[in-house]
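Input: a single structure, listed below in structure tokens.
The values are calculated or read from the model by the stated rules, or taken from the named source; none is laboratory data. In this text, all values refer to a predicted model and were calculated from it rather than measured experimentally. Cβ placement follows ideal geometry from the backbone for every residue including glycine, while neighbour counts extend to all protein chains displayed. What goes into the accessible areas is simple: the full protein's heavy atoms, side chains included, and nothing from ligands, DNA or RNA. Shrake-Rupley method; radii C 1.70, N 1.55, O 1.52, S 1.80 Å.
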Amino acid sequence: MIYKRSSELFALAQKVIPGGVNSPVRAFKAVGGDPIFIKKAEGPYLYDEDGNKLIDYINSWGPLILGHAHKPVIDAVIDIAKKGTSFGTPTEIETKIAELAVKMVPNIDKIRMVNSGTEATMSAVRLARGFTGKEKIIKFAGCYHGHSDSFLIQAGSGAVTFGTPNSPGVTQGTAKDTLLAKYNDLDNVKELVEANKDEISCIILEPVAGNMGCIPPAEGFLEGLRKICDETGILLVFDEVMTGFRLAPGGVQERMGVNADIVCFGKVIGGGLPVGAFAARNEIMEYLAPVGPVYQAGTLSGNPLAMAAGLAMLTELDSKREIFESIDKKTAYLHEGMEKVLTENNIDFTINRVGSMISVHFGKEPVTDFASAATSANLGTFNKFFHGMLENGIYIAPSAYETWFISDALSYEDLDKTIETVDKVSKTL
Ligand SMILES: Cc1ncc(COP(=O)(O)O)c(C=O)c1O
């Protein structure tokens, strides 16, 4: 495939945008080469500036669970845009999406809309601190919660890819309030809780991790965290920015049957427009301004365009619940197919999957936390694999630390083509 115009556009972009991209993971720094510039997309396909058609396994990094330009979402946005894009006043549609989210997600009474996943997790932590009166938080190495200061202590995803786990600009003062634990290691959490008695406001985690590849919680891990929190008054915060409205209508809380105290959303809840949200039971949400003392605000929060896209998306997912089964089946099909061809080609690999999140690691050992994800990252093999797939029209995330996001728009033909391509490419690894 030819990517000439993409490279020309990238050269122009680099003159006026740092690194030519508005979010680091879009650059191909980890895998080498120039990023692909996309002109339009429909269903499971991206169409780039050189006229190439690509099967998409990123789906805007998760939001587009029903594929690109999904008609009900696009129609809703066009319709509402004609009536004005933002008023800075309450609108009925904000209540409608809140009602639907509260209905779909277990264990929440109220939800506050923001504009990104970063804002959602940042606000959730402030709320947890305000509610408990404690300042420290526990986060897990390799879990990514957006780019606010408290979380850039050792982040997964982009920050790891670029080898800057501790970003300059984050103060020592902020860093000292963030305690880092090992994912899937309850004893490690217990040690931290014990060593910081009565100082911890919340434990925040991706309940199924997606920023060090896809890493499922070990059996009993989420339940164990719930128990620690119940015994100590620490709040359990699920960052369901990736998993919310994807792994089940009610996210991981529903799929794995463990309740969180605060839940963060992003991605799918915005249907492809910039939306994040955080939610909890009344007792906690009433700590939030204007009812309570914890301040949080946003000029464009809950704007009609974003709410219309989000409402159309959630309405689709709520009214056609078979989508969740369909997408899980498609991902299982891809999993089995890739497993077969990688085995036949004698490749060392591990595939992790939960529902419609899946990742391929080029190492034999189980990938259960950040350390094992890093060991299995095998960047040389991954980079060859990535470029081989791209050359054959399959677009996966340009980083060994990312999960693939499956959309229900993918047909079994698309999946077969992908498996055939994995077969072809793995012969070259
Ligand atoms: C689990 C998780 N939390 C938070 C974020 C941050 O969301 P955003 O990029 O919308 O700020 C991300 C982004 O990928 C994420 O994966």
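For region 352-363, the count of residues that are among the charged types (D, E, K, R) and at pLDDT 95 or above is at least one. Look through region 232-248, keep the residues that are near the ligand (Cβ under 10 Å from one of its atoms) and hydrophobic (A, V, I, L, M, F, W, C), and return whichever of them is farthest from the chain's Cα centre (by Cα). Out of the qualifying residues, it is Phe238.
When region 405-429 is filtered for residues that are hydrophobic (A, V, I, L, M, F, W, C) and open to solvent by less than 10 Å² (accessible area, probe 1.4 Å), the ones remaining, listed by number, are Phe405, Ile406, Leu410, Leu415, Val422, Val425.
Among residues of region 82-101 being assigned to a helix (DSSP H, G or I) and open to solvent by 40 Å² or more (accessible area, probe 1.4 Å), the one that is farthest from the ligand (Cβ to nearest atom) is Glu92. Within region 127-151, the residues that satisfy the criterion of being touching a helix residue (DSSP H, G or I) at 6+ places or on another chain (Cβ under 9 Å) and farther than 20 Å from Thr403 by Cα are Leu127, Ala128, Phe131, Lys134, Glu135, Lys136, Ile137, Ile138, Ser148, Asp149, Ser150.
Residues of region 1-24 that are open to solvent by 30 Å² or more (accessible area, probe 1.4 Å) and either under 27 Å from the mean Cα position of the chain (by Cα) or touching a residue at least 60 places away in the same chain (Cβ under 8 Å) (or both): Met1, Gln14, Ile17, Pro18, Gly19, Asn22, Ser23, Pro24. Of the helices (runs of 4 or more DSSP H) lying entirely inside region 318-397, the ones with 1 or more residues being under 24 Å from Asp416 (Cα atoms) are found at 322-344, 379-391.
Of all residues in region 184-200, exactly one satisfies the criterion of being outside any helix (DSSP H, G or I) and among the hydrophobic types (A, V, I, L, M, F, W, C), namely Ile200. Taking the numbered list (1) farther than 16 Å from Gly67 by Cβ; (2) outside the structural domain of Ser359 (by TED's automatic domain parsing) in turn, Tyr333 passes all entries but (2).
Evaluating Glu223 against the criteria (1) at pLDDT 95 or above; (2) touching a Ser or Thr at 6+ places or on another chain (Cβ under 9 Å) leaves one unmet condition, (2).
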